[in-house]
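The values are calculated or read from the model by the stated rules, or taken from the named source; none is laboratory data. Everything quoted here is computed from the prediction, not taken from an experiment. Ideal geometry is used to build each Cβ from the backbone, glycine not excepted, and the neighbour counts take in all protein chains shown. The area values use the complete protein model at the heavy-atom level, side chains included, leaving out ligands, DNA and RNA. Shrake-Rupley method; radii C 1.70, N 1.55, O 1.52, S 1.80 Å.
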Amino acid sequence: MRVVIAEDLFLLRDGLTRMLQAHGLEITAAVDNGADLLAAVAKDQPDVAIVDVRLPPTFTDEGIRAALAARHEAPGLPVLVLSQYVEQLYARELLASGGGGIGYLLKDRVFDSAQFVDAVRRVAGGTAMDPEVIARLLARNTGNASIGALSPREREVLALMAEGRSNAAIAQRLVITERAVAKHTASIFLKLDLQPSDDDNRRVLAVLAYLEG
C-alpha cells in the first residue's frame with residue numbers, strides 16, 4: 001500500500017513515516033502543507049492520504065480543504081484525517097464528498113501503532129471512524145428523529161459500522177451471529193430511509209445520517 005502524509009509537525013510526520021514503513025507500507029511523500037499534498041497526489045497517485053486537519057498557513061481547516069481538493073484531483077482517493085479534537089463539520093463534509101474511503105482519527109490513537117495501521121488499512125476499503133469520535137457524535141445527535149428511531153442494539157451496530165467494521169467483525173464484537181447483524185443493518189437502512197443500492201454506499205450514507213445531527 002502506497003501512502004502520502006500531510007502533517008506540519010516534523011517529529012510526528014517523521015514518526016508516522018517510520019511507523020508505517022515498519023509495517024510494510026510505502027510512503028510516497030511526507031509533506032507539511034496542502035499545496036505539496038496536492039502535488040504529491042498528482043505525481044505519485046497513492047492508495048491512501050493521511051492528512052492533519054490543521055495545516056499552514058492559518059492552521060484552521062487547510063488540511064480538510066486540501067483533502068477535498070485531493071479527492072477532486074484523484075476521485076475515490078481514500079483519506080484518513082487526523083485531528084486533535086472531535087469536529088463534527090469536518091467529519092460530515094468528508095463523508096459527503098463522494099466515493100472513496102474516509103477515516104477520522106483522533107491524534108491520541110497515533111501512539112498505538114497497531115490501531116493506527118489498522119485504521120489506515122481499513123480506510124483503504126471503506127470507513128475508519130475513531131470510536132471516540134463516534135461516541136461523542138452519537139451522543140450529540142440523540143435529537144435526530146431518524147437516529148432516535150433506532151433501537152439500542154441498532155445504534156451499537158451503526159457505531160461499529162462507522163468504525164469500518166465488517167458484519168463478521170461486528171458479530172464478533174457484539175457476540176451475535178452475522179445473520180443477526182445483517183437483520184439489524186437492514187433495519188437501520190429502512191429506518192434511515194436509505195433505498196436499496198450498493199451496500200457499501202448505504203453503509204457510508206447511514207454513517208452520514210447521524211453525523212448530520
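So which residues in the stretch 1-26 are in contact with a Leu (Cβ under 7 Å, 6 or more places away or on another chain) and buried (at least 19 other Cβ atoms within 10 Å of the Cβ)?
Within the stretch 1-26, VAL3, VAL4, ILE5, ALA6, GLU7 qualify.
Looking at (1) within 13 Å of the chain's Cα centre (by Cα); (2) at pLDDT below 85, can you tell me which one TYR85 breaks?
(1)
If I ask for residues that are without any contact (Cβ under 8 Å) to a residue 12 or more places away in the chain and not in a helix (DSSP H, G or I), which ones from the stretch 152-164 would you list?
Answer for the stretch 152-164, where residues must be without any contact (Cβ under 8 Å) to a residue 12 or more places away in the chain and not in a helix (DSSP H, G or I): there is none.
Does GLU93 fit the bill of being at pLDDT below 85, over 25 Å from LEU11 (Cβ atoms), open to solvent by 40 Å² or more (accessible area, probe 1.4 Å) and not in a strand (DSSP E or B)?
yes
Across the stretch 31-52, what is the total count of residues that are touching a residue at least 40 places away in the same chain (Cβ under 8 Å) and charged (D, E, K, R)?
Going through the stretch 31-52 one residue at a time, the tally reaches 3.
Among what's in the stretch 144-181 and is acidic (Asp, Glu) and open to solvent by 50 Å² or more (accessible area, probe 1.4 Å), pick the residue that is modelled with the lowest pLDDT.
In this case the residue turns out to be GLU156.
Residues of the stretch 29-43 being open to solvent by less than 30 Å² (accessible area, probe 1.4 Å) and of a type outside the set (A, V, I, L, M), which ones?
The answer is GLY34, and nothing else.
Which number in (1) at pLDDT 85 or above; (2) more than 16 Å from LEU38 (Cβ to Cβ); (3) loosely packed, with under 15 Cβ neighbours inside 10 Å marks the one condition that PRO56 misses?
(2)
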